[in-house]
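Here is the structure we will look at, set down as structure tokens.
All of the numbers you see were taken from the coordinates with simple rules; none came from a lab. Since the structure is predicted, the reported quantities are computational estimates derived from the model, not experimental observations. In this analysis, Cβ positions are derived from the backbone assuming ideal geometry, glycine residues included, and neighbour counts consider all displayed protein chains.
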Amino acid sequence: MSSTAEPSVPLVDATPRAIDGDSPATKSATAPKPTKDINTYLRRTVHNLLSLEGRTIVITGGARGLGLAFAFAVAEVGGNVAIIDALDTPHEHFYKLEKDYGVKVKLYKSDVTKHPVLKATFDDIVNDFGRIDGLVTAAGICPDEPFIQRDPDSVARCFAVNTLGTYYSAQLAAAQMIKQEPTEFNKKGGSIVFIGSIAAYVASKGQTTSDYCSSKGAVVALAKALGVELAGTGIRVNSISPGYMLTDMTLDLCDRMPWLADIMNNEPPMRRMGDRADLKVPIVYLLSDASAYHTSDDLLITGGIHAGRLM
């Protein structure tokens, strides 16, 4: 049997070679060095990162419920608040928000389902506040009726408010964020936060809310897509999906349907409904510089129900 001698030189020469007359040492010396300051954590405190001072945040559906709680959270960290709602009269706590926090607050009556009307509202906000730095889309409705019985017009209305209203609002806010001048408190872009729902992940026990569930699923998916598409503009897009939350509306619902009160309080592993205070810091986090590297995500704040229900 014949044998072949091993080659005396390597088959692949891994020795660095000069290019355009430069030696490897020269190349290394002239290569650009990282300019990123790795010590910003020493200067940027948690308080500073969570501040919204000087910024203007638009909140749809902010005249009551979750949206109003978000408005208080924004004001508490120095942000100005422009609220969009279809209501003629806001919840009484709105007037406390107006007078107690030393920030600019204004309510605009509008319709998130009608793009020309909503665009005029966003134009008014920019005229009044000068800019838009953040958006929270809390406007939403939740019809409860069996799938087979759902009226097409009612289904269309649910999608128009929950999904198209979110889409239109984000589009109008993003267009303004892209074109406005940078400031000390906002160098580029802004932050958009959609309000999804645990219903985007699991069916609601004791309720028949097929159009609501699917509309919120679309909202969660939209946040992921826009977070990627708009990343280059400096705009971050995320969503928050709450579980059962205690509001005036859910209290009324539980009074009328006691079996729902039992479900909402006992199905979550934490054995309680969420309080609006449970969402205040997460909304500020996503709107502020504290989440500067966080986009295309959904925060599930559900008392654990998204992971499983207790027996």
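Would you work out which of Gly79, Ile38, Leu286 lies farthest towards the positive end of the dipole of the chain? Charges go on Cβ: Lys and Arg +1, Asp and Glu -1.
The Cα lying farthest towards the positive end belongs to Ile38.
Each label point is 7 Å from the Cα along the Cα-to-Cβ direction; what then is the distance between the points at Asp262 and Arg150, in nm?
2.7
Placing +1 at every Lys and Arg Cβ and -1 at every Asp and Glu Cβ, with all other atoms neutral, what dipole size does region 51-301 have around its Cα centre, in debye to the nearest 20? Present the calculation step by step, with values, prior to reporting the outcome.
Numbers: 24 positive and 30 negative charges, 86 e Å.
Computed charge dipole of region 51-301: roughly 420 debye.
As an exercise, use a Förster radius of 35 Å and the Cβ-Cβ distance of Lys205 and His294 to find the FRET efficiency, rounded to the nearest 0.05. Working shown, then result.
Working: r = 31 Å, r/R0 = 0.89.
Here the calculated transfer efficiency is 0.65.
Taking the Cα centroid of region 133-173 and of region 246-311, what is the distance between the two, rounded to the nearest whole Å?
Cα centres, region 133-173 to region 246-311: 19 Å.
Set the bar at 30 Å for Cα to Cα. Now go through Lys109/Lys179; Lys114/Lys179; Lys36/Lys216; Lys99/Lys224 and name every pair that lies beyond it. Present the calculation step by step, with values, prior to reporting the outcome.
Working: Lys109/Lys179 25 Å; Lys114/Lys179 23 Å; Lys36/Lys216 39 Å; Lys99/Lys224 37 Å.
Violating the 30 Å limit, Cα to Cα: Lys36/Lys216; Lys99/Lys224.
To the nearest 0.05, how large is the calculated FRET efficiency for Asp128 and Arg271 if R₀ is 30 Å and r is the Cβ-Cβ distance?
On the way: r = 44 Å, r/R0 = 1.48.
With R0 = 30 Å, the Cβ-Cβ based efficiency is 0.10.
Which one of Thr295, Thr183, Thr208 has the biggest mean-square fluctuation once the chain is modelled by GNM with Cα springs under 10 Å?
Between Thr295, Thr183, Thr208, it is Thr183 that shows the largest mean-square fluctuation.
So between Arg43 and Val228, what do we pick up on full extension, going 0.36 nm a residue minus the alpha carbon distance? Walk me through the numbers on the way to the answer.
Working: separation 185, 0.36 × 185 = 66.60 nm, distance 2.91 nm.
Working it through step by step, the gained length comes to 63.7 nm.
Can you tell me the FRET efficiency between Glu76 and Ala120 if r is taken as the Cβ-Cβ distance and R0 is 22 Å, rounded to the nearest 0.05? Write out the running numbers ahead of the final one.
Values: r = 30 Å, r/R0 = 1.35.
That gives a FRET efficiency of 0.15.
For Lys188, give me every one of the aspartates and glutamates with a C-alpha distance below 16 angstrom, ignoring sequence neighbours fewer than eight places off in its own chain.
Glu53, Asp133, Glu229, Asp289
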